[in-house]
Each structure stands twice: as C-alpha cells, then as structure tokens.
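Inspection log for the structure reproduced underneath, given as structure tokens.
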Amino acid sequence: MTAIAQATPRLSRLWRRELAHYPTLAPRLASLSIVVLTTILFYYQYYVISSVSSGVLRDTGMSFLYFVGINVASVVLSAITSLAAGITDRYGRANLVTAGLLGCALVCLFGLTSAHTEFSVALWYTVLGGLEGVVLVATPALVRDFSPQLGRASAMGFWTLGPVAGSLISTAVVSNTAQHLKAWQDQYVISGLVGLGVFAIALFWLRELAPELRDQIIVSERDRALVEARAKGIDIEAALKHPIRQMLRLDILGSAVAISLFLFIYYVAVSFFPLLFQTVFGYTESTANALGTWMWAFQAGSLIVIGVLSDWLRVRKPFMLLGGVGAVVSTIVLIHLTGNPHTGYYSFVLTLSLLAVFTGMAFAPWMAGFTETVENHNPALTATGLSVWGFTIRLIAGAAVLLGPIVVNTVTTLIDYGPAVQATASGKDPSLNATQNATVKAVAADPTIVPRVQTLAAKYQAQLVTAAKLKPATQAALTATPNDPATQAEAVSEISGKPIADVTRTITLSQQYASQLATAATIDQATMRILLANPNDPAADTKAVAEIAAGLKVSVARASADLRALAQVPTPDLIFLGTNAGPVQIAAKQLTALAAVPVADLAYLSKYGTPLRDPKVQAALTYLQDNGPKVQKAAAASPRQWQHYFWIAVGGEIVFIPLIFVMAGFWRPRKARQHEREHEALIVAELAQVNAAGQR
C-alpha cells in the first residue's frame, strides 16, 4: 500500500517517494532489486577505468603515477561525499540515488567519452568518485530499511553484489569488446547508455520508507504492525540529534576500520590486478580482465549463498571468522604464485576464486552485522553509521591505491617504458617498416651483431667501397656465376665508371696485345708520347730500346724487335688503351679483392651493415639501450614488490579477525534462535497492549 503516492498527483510521484506503510514482501523485493541494480551500475561505471587503464595511459600519455593520483583524488572525494551522505537520515535516500544515477550516466556519456587529456580524465573521474560516495551510503541504507534483521544478510549479500558484479561486468565487457572497439572511451558510451536505462527505472519505481518507519528496528515480518503503531508516536528530531557523536563508538568505528583493512586486497584487485598480470606475466588486456571475471563471478556467488546461510542459521560472526582465516591463507598462496614466473593461468584462476569466495563469506555477514550494530545504538541513524563506514573505507582504499606505486615502484617503469621496449625488441614497432623491425629485433636478441658488423666493416673497408658501386642485380649475378665474363665485365664497368663497351674493348685489346702492352709498360710516358708523335725519332727510339731492355731484362736486339712489334699496334688502339686500361685494371683488381672476401662475411654485412646505418634503426636501438636495462631490472624486481604489497593485505586481514568480537550478534545458532523466540514473545505482548489501548 502506498498511501502517499495515492494522495499526491501522478507527476509528483517522481520526487515524493515515501511510503506511509511498511510494505509487504513483494513491494520490498521490487525496491531491493532496484537498489541492487543501481549499485551494480554505479560500480560498473566506476571500475571501467581500471579495466581500460593501459589504453588510458597509452592514449593520453599519462604516467602511472598520474593515474594513481587520479584514483586517489577520486577516492578522497568519494570519502567526503560518503560522510556527507549521512544527511539521508533526515532528508531521505531515494531522490539522492536517482539524481546520482542521472549524474553518473551524463559523466560517462559526455564527460569521459570526450576526455583525451590527463586533466580531463582526472576531472571527470573525480566527479564520478564523488557521486559514487553518496551511493555507497544511500543504497545500503535503503537495503537496511527494506530488510528485517532475519533476512538482512541475504539482502546485504545481494547489495554487496554491487561492487563485485560491477567489477565482473566491467572486466567481462572489456575482455569481450576490447578487440572490436577502437578507443577506450567507447566503454564509457556503453556504461553511460546502460546508466540512462537504470535511471529511468529508478525514476518511476524506486521508493523509500517514511522517517517514522525507517527509524525503528525490524527483526522479522511480524514486526510490521508494531512498527506502524510505534511510528505514530516517534520523535524524529530527538532521534537525529548529534548524529556523528552518537556513532563514535568502539563497535562502530572498530568494525568500520576492520572491514576496510580486510578489503585491502579487494582494492588492489580492482585497481591494479589487470596491470599486474599484464606487466609481470605478459597477459593481454583481454586475458587479464578475463582472469578478473573468474574472481568476481565466484565472489558474487559467495555473497548470495553465504548471505542466505547466515540468515538461515541466524548468525554472522562464524562466517566472518571463517572468511577472514580463509582470506589470509588464500592471499599467502597468491604471494607464493606471484613469485613464480612459470605460474599457469588456471593456477591464478583457482587461487583468486578461493580468495573471492572467502572475501564474500566475510563481507556479506559483516554488512548485516554492522547495520545491526548501528541499530543497537540508534536505528534512526543507519545512514549516519554507514557514512562513517563509507568515509573510513574510502580513506583506507585511497591509502591502498596510494601505496601501490610506492611499494611497487617498478610498475611506473614497466607501464611507461615496458610496452614500447617490448614492441621494439620484438620487431613490432609501428613506426618502423618490416626490414627495420627485423634488424632491431635481431640486434635486441643478439647484442654481438653490432660489434661484429663494426669489426667486419673495418676489416673490409676497401672491399665494401667497391661493393657499394655495384648494383644489387650485379651483386646477385656475381654470387650466382662469379666466373661469367659478361658478369665480370658489367661489374668492372660499374666499379670503374667506364661504359661496358669500353670495358669489353679494353679487355679484348689487352688480351690481343698482351706482349706489346708489357713492352709499352717499360717505356716512360714522355718517351711514349714522342714516339706516338714521331715513330722515326732516333733519340726517342734509342731511349725506348734501352728502357725495354732494362725493364724486360732482355738483350738490345730483343728490345729493338719488341719495340718494332709495339709500333705495329694501331695508334688509335694504343691511345684508347692509354685512356682506359689503367681504370679498368684497377677496377679488375678491386673486383678480385672483393671476390676474396668470404661469402658469409659479405652476407652478414649485407644483412645488417646497411640497415644499421638507417637513422630510424639507430634511434630504435638507442631507445632500447637507454630503457631496455631499466625495464629488465624492473621486470625482475616487480614480482617481489607485488609480494610485499600483498603482505600488507595479509596484515589487514589479520587485524579484521579480533575486531569481529566487538560487533553485535551471536556465535551460536541456538542462542540466536532463543533470542528470536524471546523477541517474538515481546512483540506479541506489545501488540496486545497496543490493541487494548486502541479499544479503550
């Protein structure tokens, strides 16, 4: 029955949401479902940034430290708004949640989708954190209002699906769409559109209890009539005086700190697990998020099952204790696996799933037990108590995130330089072509390539100058048929710079006049020029004979005969040979020297020598030289640092265990059922008094 809704105009129902009567089971379940759906949506939107963190860092040029700073700023604002959300005890919860839904949807659709700089991402994600802080308090307060204590753990189990299912949906959506969507901003288009849909549902159907109803303790369904009778005489103003002061008690503050420390590993998982598995174990973004999907799926199941069991057995503390001990053991196993670089994917699946189960086993009963602890002091201040918890958990979450790059300082190096170093070293640098990438990859795998190329280049410097004059086709032909005259002539032509026709003629004439040319080689150039001008010059003739006899070590008669044979060579041929024989002979000697170089050495220099002179290749190798060692050192140290980070989480889980004892609630189901029977007897007696007073 919604009396207020009937008494007001239809349009005003969009903001006047209070129920004058405590609703029956079906309407309560409908409202609880909307609250759970709302919570899931909020956390899904809030956790998207962790799932696409590598894309955000890559596309904005943001450093990992800046990314952590954004998360801390968002969490701090969330803590402040969590504390402020205690005002929902006085002004109601439903309108605030509905407005928050619209605000988050708009931030996702129009803020983060247009964020392309570090500052714009920081601005909009911080705003999103502020809105999330309000929801962190208002939604569990609504769950408490609509759930009697005997069903509180089940209801809170469904509410705590919000953070877990939000993580699950975020990792599942990203892992299944990352390969199809080009930009990380596309993920916020999806979450923003879903947010508008949930906003529409909440706008029309989300309701809440009137203050007179929600300010009482409801243990079971049988309390409904008594609650409405009491509501007629409740002094709301008196109950709401000094709200924060009323909540500053050991069992409330101690419990809030305990669960916040216990969930340290959860903050790490949400914020950094995708980065951990990408940087330490080389998983892709999709695979790292798929691993998270396993974890959150098991935690979601644990929250629901344990919540139902806790309500059935009427106890919270045994589940919290078992969950706390199990979480400690699971986290220690995770520490061991993180230190082993050969740990398999499904080993992590099993360990993280168990950790998730134990975390859910503690958290769902704790949420129920905490609201019951607050109710023991003042049921009218449930939201205030939850705001104290929200403020505490957000501060500790911020500290956990802030500790990340301090304890695991290698992440900054691995995030800022790791992807580029890996891409360059593996020959996948998008700025290089296939040949350049192949050279860089080879040198990265074998650092001896560069010094060997330098040694060979120095040893065969002259031969390489000769080889540089040859065309690739000629080089290939020489390799295939080194003794082919035509190929050799082509090579000599390219080395000497003489036309191939001149080279061929020079070779032919040199072979035809081999003895005459040997004779001519003994005559000095001045004498030769005189004889060419005047073959009958007696002085030049006498001098030439003497030079031939001395040069060839023959008699004067033989020298005279050789000179006459030389005179028989046509003058144009001699002039041609005088111009071309020298360069051709030098080129031929250079070609012979080049042929003497081992084929393997030439092939090695051909493969690496020229590419290594490429400025882009040199720049890539310089980048590897400067940053490769840093990345290697960080990769070696990173697992150990993550282990230290996880040991802090183990400490928080251990602190949680003794503080279970300060909370309200029973350890033994028998004692809890006895208390329930006593409460029902009191309800029957009090209802009888109310009915008797009404009849007088």
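Scanning the stretch 69-114 for residues being modelled with pLDDT of 85 or more, of a type in the set (Ser, Thr, Tyr) and over 16 Å from Val401 (Cβ atoms) gives a total of 2.
Only one entry of Val328, Val333, Val305, Val315 meets the criterion of being closer than 14 Å to Met367 by Cα and either surrounded by fewer than 24 Cβ atoms within 10 Å (Cβ to Cβ) or not assigned by TED's automatic domain parsing to the domain that holds Leu414 (or both), and that entry is Val315.
Matching residues to (1) in contact with a Pro (Cβ under 6 Å, 6 or more places away or on another chain); (2) at pLDDT below 80; (3) in the same structural domain as Glu208 (by TED's automatic domain parsing):
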site: Pro365; (1), (2), (3): no, no, yes
site: Val374; (1), (2), (3): no, yes, yes
site: His377; (1), (2), (3): no, yes, yes
site: Thr384; (1), (2), (3): yes, yes, yes
site: Ile393; (1), (2), (3): no, no, yes
site: Pro405; (1), (2), (3): no, no, yes
site: Leu414; (1), (2), (3): no, no, yes
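A Cβ distance below 8 Å, combined with a sequence gap of six or more or placement on separate chains, defines the contacts here; from the stretch 521-535, residues that are assigned by TED's automatic domain parsing to the domain that holds Ala559 and at pLDDT below 80 reach residues that are of a type in the set (Val, Ile, Thr) and not in a loop (DSSP other than H, G, I, E, B) in the pairs Leu532/Thr571; Leu532/Ile575. Among the residues of the stretch 422-441, the ones that are in contact (Cβ under 8 Å) with a residue 40 or more places away in the chain, in a loop (DSSP other than H, G, I, E, B) and either of a type in the set (A, V, I, L, M, F, W, C) or surrounded by fewer than 18 Cβ atoms within 10 Å (Cβ to Cβ) (or both) come to 2 in all. The one condition from (1) at pLDDT below 90; (2) crowded, with 20+ Cβ neighbours inside 10 Å; (3) part of a helix (DSSP H, G or I) that Gly665 does not meet is (3).
Identify, from the list Gly398, Gly369, the residue that is in contact with a Lys or Arg (Cβ under 8 Å, 6 or more places away or on another chain) and either of a type in the set (Val, Ile, Thr) or part of a helix (DSSP H, G or I) (or both).
After applying the criteria, what remains is Gly369.
Here Thr610 meets each of (1) over 23 Å from Thr371 (Cβ atoms); (2) in the same structural domain as Gly404 (by TED's automatic domain parsing); (3) free of Cβ contacts under 8 Å to residues at least 12 places away in the same chain with one exception, condition (2). Restricted to the stretch 50-62, and to residues there that are within 18 Å of Pro405 (Cβ to Cβ) and of a type in the set (S, T, N, Q), the residue that is modelled with the highest pLDDT is Thr60.
Inside the stretch 23-44, residues that are closer than 16 Å to Thr293 by Cα and in contact with a Cys (Cβ under 7 Å, 6 or more places away or on another chain) make up a count of 0. Please enumerate the residues belonging to the stretch 592-610 that are part of a helix (DSSP H, G or I) and under 10 Å from Ala467 (Cβ atoms). The answer is Leu594, Leu602, Leu605, Ser606, Gly609. The requirement of being within 23 Å of the chain's Cα centre (by Cα), of a type in the set (A, V, I, L, M, F, W, C) and either in the same structural domain as Trp296 (by TED's automatic domain parsing) or at pLDDT below 80 (or both) is satisfied by Leu65.
One residue stands out among those in the stretch 532-542 that are outside any loop (DSSP other than H, G, I, E, B) and not acidic (Asp, Glu): the one that is surrounded by the most Cβ atoms within 10 Å (Cβ to Cβ), which is Ala540. Give the residues of the stretch 312-354 that are touching a Pro at 6+ places or on another chain (Cβ under 9 Å) and within 23 Å of Leu659 (Cβ to Cβ), sorted by residue number. Leu313, Arg314, Val315, Arg316, Lys317, Pro318, Phe319, Met320, Gly323, listed by residue number.
Output the residues belonging to the stretch 485-538 that are within 60 Å of the chain's Cα centre (by Cα) and among the hydrophobic types (A, V, I, L, M, F, W, C). Residues satisfying the conditions are Ala491, Val492, Ile495. Being over 30 Å from Val329 (Cα atoms) and exposed (fewer than 14 other Cβ atoms within 10 Å of the Cβ) narrows it down to one of Val584, Val599, Val617, so name that one. Result: Val599 is the single residue among Val584, Val599, Val617 that is over 30 Å from Val329 (Cα atoms) and exposed (fewer than 14 other Cβ atoms within 10 Å of the Cβ).
If you take the residues of the stretch 587-596 that are exposed (fewer than 15 other Cβ atoms within 10 Å of the Cβ) and farther than 20 Å from Ala518 by Cβ, which of them is nearest to the chain's Cα centre (by Cα)? Walk me through how you get there before you give the answer.
Keep residues of the stretch 587-596 that are exposed (fewer than 15 other Cβ atoms within 10 Å of the Cβ), which gives 589, 592-593, 596.
So of that shortlist, the ones also farther than 20 Å from Ala518 by Cβ come out as 593, 596.
Numbers: Ala593: 56, Ala596: 54 Å.
Ranking the candidates gives Ala596 first.
Among the residues of the stretch 115-168, the one identified as modelled with pLDDT of 75 or more, outside any helix (DSSP H, G or I) and in contact with a Phe, Trp or Tyr (Cβ under 6 Å, 6 or more places away or on another chain) is Ala115. Gly192 meets the conditions (1) modelled with pLDDT of 80 or more; (2) surrounded by fewer than 20 Cβ atoms within 10 Å (Cβ to Cβ) in every case but one. The failed one is (2).
The number of residues in the stretch 253-292 that are outside any loop (DSSP other than H, G, I, E, B), surrounded by fewer than 24 Cβ atoms within 10 Å (Cβ to Cβ) and of a type in the set (S, T, N, Q) comes to 4. Going by what's in this entry, would Val450 be described as among the aliphatic types (A, V, I, L, M), in contact with a Leu (Cβ under 8 Å, 6 or more places away or on another chain), under 13 Å from Lys607 (Cα atoms) and surrounded by fewer than 17 Cβ atoms within 10 Å (Cβ to Cβ)? So Val450 passes the test. Every test in (1) modelled with pLDDT of 90 or more; (2) surrounded by fewer than 16 Cβ atoms within 10 Å (Cβ to Cβ); (3) within 25 Å of Ala423 (Cα to Cα) is passed by Thr610 save one, and that test is (1).
The values are calculated or read from the model by the stated rules, or taken from the named source; none is laboratory data. None of the values given here were measured: they were computed from a predicted structure. Virtual Cβ from ideal backbone geometry, glycine too; neighbours counted across all protein chains shown.
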